[in-house]
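Novice: Below is a structure I'd like to ask you about.
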């Protein structure tokens, strides 16, 4: 078991990524993200151990004065290799995130907070090592990576989404433990999935 700290998008902005997941599923390549308990996200950190109650309280305070911001999913990319060297998912296709000042600052602040809470993030997610991305296909073979890229040519990029909260996830079960809103006045209603 591990804990992921993930940046979530406004529910109204998740659909373009979900449409990609659906297309990959309908082409019979991979149903992993489409049928799983996943939501489009950008993982900020993954820790083996985390005091969720303490971290969530501190995170809520940190996010109080951080307003929601734009995230640009600008290009398609691939990770190849075993999970411990590339990401939590091994071979994967992703939407690459264009780094922005708000994103990089928030990422750094989250890692400072994790350090204060005595959590040790996996090295892949540390500042200056992190490759921000939103997965569109996970646990695929190298030949399936090519198929995914072919299917996704029909979609227009960039996808622009509003990052409006941070979720805490129990992985690999993908159980959503809790989330915190960015900004003191940001309380969008969560739709049913």
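The values are calculated or read from the model by the stated rules, or taken from the named source; none is laboratory data. Source: prediction; values computed, not measured. Glycine also receives a Cβ, built like all others from the backbone with ideal geometry; neighbour counts cover every protein chain displayed.
Novice: So which of 134, 146 is surrounded by fewer than 18 Cβ atoms within 10 Å (Cβ to Cβ) and either within 19 Å of residue 25 (Cβ to Cβ) or free of Cβ contacts under 8 Å to residues at least 40 places away in the same chain (or both)?
Specialist: Of 134, 146, the one residue that is surrounded by fewer than 18 Cβ atoms within 10 Å (Cβ to Cβ) and either within 19 Å of residue 25 (Cβ to Cβ) or free of Cβ contacts under 8 Å to residues at least 40 places away in the same chain (or both) is 146.
Novice: I've got another one for you. Give the residue, chosen from 155, 79, 94, that is modelled with pLDDT under 95 and surrounded by 15 or more Cβ atoms within 10 Å (Cβ to Cβ).
Specialist: Unique residue meeting the criteria: 79.
Novice: Here's something else I'd like to know. Counting residues that are under 18 Å from residue 115 (Cβ atoms) and touching a residue at least 12 places away in the same chain (Cβ under 8 Å), which helices (runs of 4 or more DSSP H) fully inside the stretch 1-98 reach at least 1?
Specialist: Correct list: 52-63.
Novice: Right, another one. Could you check the stretch 99-123 and list, in sequence order, the residues that are touching a strand residue (DSSP E or B) at 6+ places or on another chain (Cβ under 6 Å) and either without any contact (Cβ under 8 Å) to a residue 24 or more places away in the chain or assigned to a strand (DSSP E or B) (or both)?
Specialist: 121
Novice: What is the residue count in the stretch 140-160 for residues that are part of a loop (DSSP other than H, G, I, E, B), within 19 Å of the chain's Cα centre (by Cα) and closer than 27 Å to residue 10 by Cβ?
Specialist: Residues meeting the conditions: 2.
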